[in-house]
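Student: Okay, handing you the structure first.
The values are calculated or read from the model by the stated rules, or taken from the named source; none is laboratory data. Small disclaimer: the values here were computed from a predicted structure and weren't measured. For neighbour counting, all protein chains shown are included, and Cβ atoms are generated from backbone atoms with ideal geometry for every residue, glycine included. Accessible surface is based on the protein model in full, side chains and every heavy atom, while ligands, DNA and RNA are left aside. Shrake-Rupley method; radii C 1.70, N 1.55, O 1.52, S 1.80 Å.
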Amino acid sequence: MPSLKDFRNRIASVKSTQKITKAMQMVAAAKLRKAQDAAEAATPYAKRMAAVVANLSSSMKDRPGAPALLVGRAAAESHLIVVCTADRGLCGGFNSNIARRAREHIARLEREGKTVKILCVGRKGFDQLKRLHAKKIVETISLREVKKLDSHVAAGIADKIVARFDAGDVDVVTLVFSKFKNVITQEPASQTVIPAAESLDAEVELPDLKGSAYEYEPDEEEILEVLLPRNLTTQVLNALLQNAAGEQGARMSAMDNATRNAGDMIDSLSIKYNRMRQANITKELIEIISGAEAL
């Protein structure tokens, strides 16, 4: 049975842990507001960019000379899964849910006989996928040292994706990330970004032109040549910002639960400690009274 000293040491240890989890909860709450504002600000821009590309591509995707980034390749045998997770843990099931969504997508593609490659953005995705899919991971990008997520960071990742596509290594590219709903809810999602037409048809509502017509200068093909890589950068940035907000929300909730659990454990240990202390005092009093009566 633990001694009184063991209980005191355990209580002190849990109190120290509680201070850490409380501090992490407060830090996550402070970062959450900024990350949430950035994610909410980026979402309308990403949707509008996708709508512009959809409007341009509606008349282009059936032409013989349509850009490969828009319509993809006929074979579509090699798939690149870009798994966006956090670089740090202690955020509940946030990273695990994204990794589970990625594993489900990989399993479905393998059942169809496709070749799968994985690009991990964030160390936690690599840590969770390496056990089963180590040979499929072609690169891991860590954002631990990045102070601010902006278009330059997203452009670096998008350039790596486009370089692999242009080299013929991959035919289809899918982002797997977590959509930020609120502090409590983060929803794992997958989005096909190459070919762009596949996701545009499914997710973008074309604007109602009300009978009017647009004329582009230069022509649609030249515009899409510039706009498609920029759209890819925008979608990657949106995924990263959604992830950042979801990570802080998940960490705040996880640390709040940990702080509450630590408080419950302290209360339970304190009750046990007081009962044992009372029992020891009662035992000593009985021994003293017994000794006095014996005299």
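Student: For Leu90, all conditions in the list (1) open to solvent by 70 Å² or more (accessible area, probe 1.4 Å); (2) on the phi < 0 side of the Ramachandran plot hold save one; what is the number of the exception?
Tutor: Looking at each condition in turn, Leu90 falls short on (2).
Student: Also, I was wondering about something else. Would you pick out the residues in the range 93-141 that are open to solvent by 10 Å² or more (accessible area, probe 1.4 Å), of a type outside the set (D, E, K, R) and outside any helix (DSSP H, G or I)?
Tutor: Gly93, Gly113, Thr115, Val116, Ile137, Val138, Thr140, Ile141
Student: Hey, another quick one. If only one of Ser199, Ser212, Ser268 is more than 23 Å from Glu40 (Cα to Cα), polar (S, T, N, Q) and at pLDDT below 90, which one is it? Working first, answer last.
Tutor: Values: Ser199 fails: more than 23 Å from Glu40 (Cα to Cα); Ser268 fails: at pLDDT below 90.
When all the criteria are applied, what remains is Ser212.
Student: Right, something else. Please go through the range 224-266 and give me each residue that is open to solvent by 40 Å² or more (accessible area, probe 1.4 Å), within 24 Å of Asp159 (Cα to Cα) and touching a residue at least 40 places away in the same chain (Cβ under 8 Å), ordered by number.
Tutor: Hits for the range 224-266 are Glu225, Pro229, Arg230.
Student: Follow-up question, since we're still on this one. Do any residues in the range 5-27 that are without any contact (Cβ under 8 Å) to a residue 24 or more places away in the chain have Cβ atoms under 6 Å from those of residues that are loosely packed, with under 14 Cβ neighbours inside 10 Å and among the charged types (D, E, K, R), where the two are at least six apart or on different chains, and which pairs are they?
Tutor: Pairs found: none.
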